[in-house]
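One structure is given here, and the rest of the page talks about it.
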Amino acid sequence: MPLVIFVDDSETALASTRMVTDSMPIEVKQYLSAVDALNEIQGGMTPDLIITDMNMPVMNGFEFLQGLRKVPGTARTPVLMLTTETRDELKAQGKALGLTG
């Protein structure tokens with residue numbers, strides 16, 4: 001069963017993803033902290049897809065992505081970023097860091 005992780009500092013956003021994914025044939029893990037998610041991945045968790053927020057305290061989405069891409073075996077892990085940011089320079093920065101979309 002594919003493992004999808006959601007990283008968002010908003011409990012409301014995570015609750016929304018639970019409502020959508022509960023009926024899907026996937027395993028879902030959710031994290032309120034990018035630091036906690038990255039620690040789990042560094043410890044050997046291997047998600048098939050990561051969906052993360054951009055603006056989070058302590059570690060933002062780009063910092064999370066930078067840390068993720070340093071973990072062996074994650075270079076091809078798809079990462080989607082959900083954000084209200086629309087600036088082209090942020091999109092370019094995300095792509096340069098290995099963001100899928």
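The values are calculated or read from the model by the stated rules, or taken from the named source; none is laboratory data. Everything numeric here is computed off the predicted structure, so don't read it as measured data. Here Cβ is always computed from backbone atoms with ideal geometry, including for glycine, and neighbour counts include all displayed protein chains. Surface areas here come from the heavy atoms of the whole protein model, side chains and all, with no ligands, DNA or RNA. Shrake-Rupley method; radii C 1.70, N 1.55, O 1.52, S 1.80 Å.
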TODO: For the stretch 22-33, just list the computed ³J(HN,Hα) in residue order, Karplus coefficients 6.51, -1.76 and 1.60, θ = phi - 60°, integers in Hz, with x standing in for Gly and Pro.
DONE: 4, 8, 8, x, 9, 8, 10, 10, 10, 9, 7, 10
Open item on the list: Taking θ = phi - 60°, what integer Hz values does the Karplus form 6.51 cos²θ - 1.76 cosθ + 1.60 yield along the stretch 2-8, in sequence order, with x for Gly and Pro?
Closed with: x, 9, 10, 10, 10, 10, 7
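Whenever you get a sec, compute what percent of the accessible area on the chain sits on carbon and sulfur atoms (1.4 Å probe).
Of all accessible area on the chain, carbon and sulfur atoms account for 55 percent.
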Task: Whole-number D in µm²/s for the chain (Stokes-Einstein; Kirkwood sum over Cα pairs; 4 °C, 1.567 mPa s) - done: 95 µm²/s
Task: Ala92 paired with Gln66, simple spin-label distance in nm, labels 7 Å along Cα-to-beta-carbon - done: 1.8 nm
- [ ] Using only Cα atoms, locate the centre of the stretch 55-101 and the centre of the stretch 1-33, then give the distance between them in Å, rounded to an integer.
- [x] 18 Å
- [ ] Choose one answer from Met45, Met56, Met81: the residue with the largest mean-square fluctuation in a GNM of the chain with alpha-carbon springs under 10 Å.
- [x] Met45
- [ ] For the stretch 71-79, just list the computed ³J(HN,Hα) in residue order, Karplus coefficients 6.51, -1.76 and 1.60, θ = phi - 60°, integers in Hz, with x standing in for Gly and Pro.
- [x] 7, x, x, 10, 4, 9, 5, x, 10
TODO: Enumerate the amide H contacts of Gln30 below 5 Å, restricted to partners 5 or more residues apart or on another chain; note that Pro and chain-start residues carry no placed amide H.
DONE: Phe6
